[in-house]
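Read the structure below first, then the notes.
The values are calculated or read from the model by the stated rules, or taken from the named source; none is laboratory data. Computed from a predicted structure; not experimentally measured. Note: ideal-geometry Cβ built from the backbone for every residue, glycine included; neighbour counts use all protein chains shown.
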Amino acid sequence: MSQITPLPDMPEPIRDRLMPIEDRGGVAQPLLQVSGLTKHFPVRGGLFAKSKTVRAVDDVSFSIAKGETVGIVGESGCGKSTTARLLMHLMPRNAGDIVYDGMQVGAALSLRELRRGMQMVFQDSYASLNPRLTIEESIAFGPWIHGMAEPASRTLARELLGKVGLRPDNFANRYPHEISGGQRQRVNIARALALSPRLVILDEAVSALDKSVEAQVLNLLVDLKREFGLTYLFISHDLNVVRYISDRVLVMYLGEVVELGPVDEVWDAPAHPYTRALLAAMPSSDPDNRTQTPPISGDPPNPIDPPSGCRFHTRCPFAEPLCGGATPKLTAIGETGHEAACYMAIAGSGHSLAPPAKGAS
Amino acid sequence: MSAMSDTALQAAPAGKARGYWKTVGRRILRDKVSMVCALVLILIFVSALCAPWLGLADPYQGSMIRRLRHIGTPNYPLGTDELGRDMLARLVYGGRLSLLIGILPVILAFLIGTSFGLIAGYVGGKVNTAIMRTIDIFYAFPSVLLAIAISGALGAGIVNSIVSLTVVFVPQITRVAESVTTGVRNMDFVEAARASGARSFTIMRIHMLGNVLGPIFVYATGLISVSMILAAGLSFLGLGTKPPEPEWGLMLNTLRTAIYVNPWVAALPGVMIFAVSICFNLLSDGMRSAMDIRN
């Protein structure tokens, strides 16, 4: 592309940018398909104790369409971040398939290629930047690893700094400790974008920022998504933020997906009692409308020994004997892709509040 | 670019690009204590290196009639020892051996221990267990005892005492290196580097080494004083240097008989050991704070 001379009053385009890995599956092919994703951590209980396992992520399946933003919400410890790390292949998984744009990772798509196509922004903006490298060097590292010449990668890094709203002349040569948290998170976003990914996983990327900065970074993410045609997987415990940015949302509880669907539909008509409790727990900005009664009681059970059946039945106000038996499967509610794993939402399941089975009188 | 409204754009222009080590260097140059210590050490080093050209008396030439002269005696500014040899010459010449067996074991142990520690910390798992449990065995012995035992088994001599001191320090440096490496390895920026597709060796070189070497280096510098004292102790016990070789520990040993007759002269080798040790210690403290560029 270097032979193209940029117009004088146009911003110089990024030369030598890494081309995103090409779209192979077409529009209808989801960018990411995850099925049966499972991660169990062994916990050694001492020399003579039986070793146990933490079921951090248990049989999680979902897909992300191209250009979509999917949110994952849930309490801390429900497996959100573990899911992100499994998708990034930063830790080995026990089971499950990850298909990127129709290509099985490891077979049709090498791990190295996957890393070009999928990047991640971490929660801790300080810990995720090398304190010994300048901001420019941190951003240029990825492209350099993938074979870009060093001067070109530095030019790209400066270009991207501008894209995330940091003037390159002021920031390129600074160290991470010399800039604020919001600026650092912008740098982390630029670093993720440096490989021209198509999917960016944002693992609590704005959670550590204060509200005004958070809003600015969220708007930046929206702008970047439009400019680069990105797809986001947005992990957060902040329901307002998830609603603002997401098209679809996944609700996780103790390592399982309990509900998923279009964000407005889940918000307006939550089908799983856990989702209802989560939404009820959202603080209101109206002082006359405070939450007076706790929407849910108790702590999440220990994931080392999760309850049988529906994992939520120990805290669920509607639990019936049925709920402690077999695990309810994610079942479609209506036609819009809204699904819930609750016997109350499954027609004819035998739960007293379940809708009657179709065809039954 | 609606998100560009914040203070992000108004930060003061940063100065010229300065590397991390340049910044550290500038900071240590401003630290007076470290600079004084460095000056003292340089003085001792240079005088030890240039001893034959300084016009000093022969450090081996003794005399029965001028034994144990006091400090300040004409021609003998620092007095003479129990065999009438010039103390100034012996102290300067003694620095050559003392510094060698004080510093060389730490350098060797730094190289060996850092490699072990990096591998144990980065690879983790069974490799870590194997290396660290082996290291633990050495920890079961007090370091002085271990040095004496190894030197005793290998026999007296300079090379053997260097070997034994190296063996004493390898476990300590390995442990520090391992814990620093493990800490850095679990940082998000290493994960991010892995996520960008970098190979282990590249991550080690670019992301780990710079963050790991500093603390290990500081720790090793602190060990030099310990090494000097242990080396002196070995010589004192007759396991290191042999008479009439000038070496501070050995000189302390032979002058001990004169401690009631001429205590000031007898204490001089100890003063040298003390000065070098404390200078290395303060210097390592200064480096530690200079490398913490966050403050």
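Here are the numbers for the structure shown:
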item	result
Residues (among the charged types (D, E, K, R) and closer than 16 Å to residue A:262 by Cα) located in segment A:319-359	A:335, A:339
Filtered residue count, segment A:267-279, keeping only those that are assigned to a loop (DSSP other than H, G, I, E, B) and hydrophobic (A, V, I, L, M, F, W, C)	2
Restricting segment A:66-84 to residues that are surrounded by 20 or more Cβ atoms within 10 Å (Cβ to Cβ) and modelled with pLDDT of 90 or more, the residue that is farthest from residue A:37 (Cα to Cα)	A:69
Candidates A:166, A:160, A:218 - the one that is assigned to a helix (DSSP H, G or I) and over 23 Å from residue A:285 (Cα atoms)	A:160
Count - residues of segment A:81-102 that are outside any strand (DSSP E or B) and in contact with a Gly (Cβ under 7 Å, 6 or more places away or on another chain)	2
Qualifying residue in segment B:195-212 (condition: under 30 Å from residue A:90 (Cβ atoms), surrounded by 23 or more Cβ atoms within 10 Å (Cβ to Cβ), within 14 Å of chain A (Cβ to nearest Cβ) and under 21 Å from the mean Cα position of the chain (by Cα))	yes
Qualifying residue in segment A:280-300 (condition: among the aliphatic types (A, V, I, L, M), over 27 Å from the mean Cα position of the chain (by Cα), surrounded by fewer than 19 Cβ atoms within 10 Å (Cβ to Cβ) and in a loop (DSSP other than H, G, I, E, B))	no
Selection within segment A:182-199 - within 11 Å of chain B (Cβ to nearest Cβ) and either touching a Lys or Arg at 6+ places or on another chain (Cβ under 8 Å) or part of a strand (DSSP E or B) (or both)	A:195, A:197
Qualifying positions in segment A:159-181 - without any contact (Cβ under 8 Å) to a residue 12 or more places away in the chain, among the charged types (D, E, K, R) and at the interface with chain B (Cβ under 7 Å from one of its Cβ atoms)	A:167, A:169
Residue within segment A:234-249 that is within 8 Å of chain B (Cβ to nearest Cβ), crowded, with 20+ Cβ neighbours inside 10 Å and in contact (Cβ under 8 Å) with a residue 40 or more places away in the chain present	no
Residues that are more than 18 Å from residue B:93 (Cβ to Cβ) and polar (S, T, N, Q), drawn from segment B:234-257	B:257
Boolean, residue A:266 is within 30 Å of residue A:330 (Cα to Cα) and either of a type in the set (A, V, I, L, M, F, W, C) or not assigned by TED's automatic domain parsing to the domain that holds residue A:303 (or both)	yes
Filtered residues of segment B:182-194 (kept if within 28 Å of the chain's Cα centre (by Cα), more than 23 Å from residue B:23 (Cβ to Cβ) and not basic (Lys, Arg))	B:182
Any chance residue A:231 is among the β-branched types (Val, Ile, Thr) and either without any contact (Cβ under 8 Å) to a residue 40 or more places away in the chain or not assigned by TED's automatic domain parsing to the domain that holds residue A:215 (or both)	no
Residue match in segment B:245-260 (condition: surrounded by fewer than 20 Cβ atoms within 10 Å (Cβ to Cβ) and closer than 23 Å to residue B:43 by Cα)	yes
Count - residues of segment A:118-149 that are more than 10 Å from every other protein chain (Cβ to nearest Cβ), in a helix (DSSP H, G or I) and within 21 Å of residue B:200 (Cβ to Cβ)	1
Residue match in segment A:97-112 (condition: within 8 Å of chain B (Cβ to nearest Cβ) and without any contact (Cβ under 8 Å) to a residue 40 or more places away in the chain)	yes
Test: residue in segment A:241-251 that is assigned by TED's automatic domain parsing to the domain that holds residue A:55, touching a strand residue (DSSP E or B) at 6+ places or on another chain (Cβ under 6 Å), part of a helix (DSSP H, G or I) and at pLDDT 90 or above	yes
Looking only at segment A:219-233, and only at residues there that are under 19 Å from residue A:166 (Cα atoms) and more than 8 Å from chain B (Cβ to nearest Cβ), the one that is farthest from the chain's Cα centre (by Cα)	A:227
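Residues checked against (1) without any contact (Cβ under 8 Å) to a residue 40 or more places away in the chain; (2) under 30 Å from residue B:222 (Cα atoms):
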| position | (1), (2) |
| --- | --- |
| B:29 | yes, yes |
| B:39 | yes, yes |
| B:46 | yes, yes |
| B:50 | yes, yes |
| B:53 | yes, no |
| B:58 | yes, no |
| B:70 | no, no |
| B:74 | yes, no |
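Each row is one residue, and each column tells you yes or no for (1) among the polar types (S, T, N, Q); (2) closer than 27 Å to residue A:182 by Cβ.
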| residue | (1), (2) |
| --- | --- |
| A:65 | no, no |
| A:71 | no, yes |
| A:81 | yes, yes |
| A:85 | no, yes |
| A:93 | no, no |
| A:108 | no, no |
| A:112 | no, no |
| A:122 | no, yes |
